[in-house]
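None of the figures in this text is laboratory data; all of them are computed from the coordinates on show. All values reported here derive from a predicted model rather than from experimental measurement. With ideal geometry, Cβ positions are generated from the backbone for all residues, glycine too; neighbour counts draw on all protein chains shown.
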Amino acid sequence: MNRLDVPDEGVPEYEPRADRDAFLDADATRTMQPLPMLACYACGETVEAPASPRCSCGEPRWYETPPTAADDVADIEWPSDLDAGTWAFADLLLADPPADGLATASGGTPLVRTPALDDYAGAAVSVADEGRNPTGSFKDRGTAVGIEIALAEGADAVGTVSHGNMAMSVAAHAAAAGLECTVCIPSDISDERIRHIGRYDPRILRIDGDYGRLYHDAIEAGAERGIRFINSDSPGRVAGQKTTVLEALAQHRRRTGMLPDAIVLPTSSGGHASGAYKGLSELQAAGLIDTDAKPGAADAMPRLHLVQAAACAPIAEAAARGAETVDPVEPGETIAYSIANPDPPSGTRALFGARETGGTAIAVADDAIREAKRRLATTAGLTVEAASATSLAGARRLARDGEIGPDEDVICIATGSGFKESVGDPTDVRTETVALEALSDAL
């Protein structure tokens, strides 16, 4: 039975589950690579891990490159095959690949060339279908790495703060790893999402209060209670989530012999965007992206464009006014609720990363998101959630604004499956009632 209680006095400490040893063999396959250091992109401060995910300057930390024992990041090459999914890029991750379990199933998602969408988008479109991950979203990449790091560091309990996709992912991976799991969700989350999360039997806390503050309070309270929170931009999650872009680039390069001109990414907290930028910068440091190449060259830096829903677009608003930092906004209602974060903890880092690649951040209206979602289904046969459709809607706007050219190759990241959402009002679906005897005439 699902646990939907909010304690009066904080989150109690967990005792390790009795069967944990059955999941975690003593000679453990779960190990960390040497020299784990956390770095702040903004001020450059480095600290030894494990440590707080936030720097003393207030910005988020990530794992420094290279996280391996290799002397030079230039030793890194494109993987010979992508069968290992997320772990095909193990040299750029902090945790060693697991031998078995759900973590081995993350990644390995297809990059689908969708020429039928080219005219609509105004460019040559390929869609990275992240809905093929175990729990239906890109979050599984970051969770897989984050959980492996937590296990290697001896954690017994994990948690997360989420509207839905990340909650499902952390709960599922925790269950598979034998870890206790606490999920903190906004009090207004839909019952449908709660049912999806609850199937993995985490402890679910519906929290009344400011969602932006919940992110910070959960990290602090979790540290006191022995719960490792794997939130939207925790260093392990960012490391895993950079493989979304790495894998899509590797597939595009194999198919065309070139890197794409642009990547369009739905953006909420900024953790996924931070991972994308981190992955691109590591490829550049390894010489796999040519620093001096002109746009359009085979190994030129792809431009990273971030897209938000117009009703809640703090990163896009900062970009529009030329600001260097992202400020909180008052959120409005949007169908793309899973990316509606009014106070993104890695928003400033995400915007910095997009600009460093020559990209930007924009917002699209709900009507544009609905139409893009419909086009993805009726033209390309892809069922995506509304947040995912912002990438196609964003590509269309970027092309209209001259940020993407008609002859350019663009990867739209579809971050999550639409099969976890209600499909809408059945009256919107074309149906006819026909007597069996009249079938031939109806056809």
Kindly write out, for the range 312-321 in residue order, the coupling ³J(HN,Hα) from the Karplus curve 6.51 cos²θ - 1.76 cosθ + 1.60 (θ = phi - 60°), rounded to whole Hz, with x marking Gly and Pro.
8, 9, x, 6, 5, 5, 5, 4, 5, 9
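Please state, to two decimals, what the Cα-based radius of gyration of the range 275-357 comes to when divided by 2.2 N^0.38 Å (N = residues).
Cα-based Rg divided by the globular estimate yields 1.26.
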Can you give the Rg to Rh ratio of the range 225-270, both from alpha-carbon atoms, with Rh computed by the Kirkwood formula?
1.15
The chain: relative contact order as a whole-number percent, Cα under 8 Å and 6+ apart:
18
Taking alpha-carbon centroids only, the range 175-230 lies from the range 313-342 a number of Å equal to 23
How are the Cα pair distances of the range 217-346 distributed, in percent, across 5 Å bins from 0?
2, 10, 16, 18, 16, 15, 11, 6, 3, 1, 0
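What do the square roots of 5 times the Cα gyration tensor eigenvalues come to for the chain, in whole Å, largest first, as semi-axes of the equivalent ellipsoid?
32, 28, 22
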Long-range HN-HN contacts of Leu205 with modeled amide H, under 5 Å
Val183, Cys184, Ile185
In nm, to one decimal, how far is the modelled label at Arg321 from the one at Glu356, with both set 7 Å along Cα→Cβ?
2.5
Net charge contributed by nearby residues that have their C-beta within less than 14 Å of Thr86 (K/R +1, D/E -1)
-3
Heads up, the range 122-257 by the C-alpha gyration tensor (a ≥ b ≥ c square roots of eigenvalues; a/c under 1.5 rounded, else a/b over b/c prolate, else oblate) looks prolate
Rank by packing, highest mean first: peptides 254-260, 107-113, with packing defined as the count of other Cβ atoms within 10 Å averaged across residues.
107-113, 254-260
Among Phe352, Phe419, Phe229, whose mean-square fluctuation peaks in a Gaussian network model of the chain (Cα, cutoff 10 Å)?
Phe419
Residues meeting the amide H criterion for Glu385 (H placed from the backbone, H to H distance under 5 Å, 5 or more places apart or on another chain) are Gly416, Ser417, Gly418
Count of Lys pairs (Cα-Cα under 26 Å; at least 8 positions apart or interchain) in the chain
10
Put in order of increasing Cβ neighbours within 10 Å, starting from the fewest, Lys139, Lys373, Lys420 give Lys420, Lys373, Lys139
Where in the range 325-365 is the amide nitrogen less than 14 Å from a point lying 7 Å along the Cα-to-Cβ axis of Asp401?
351, 354-355, 358-365
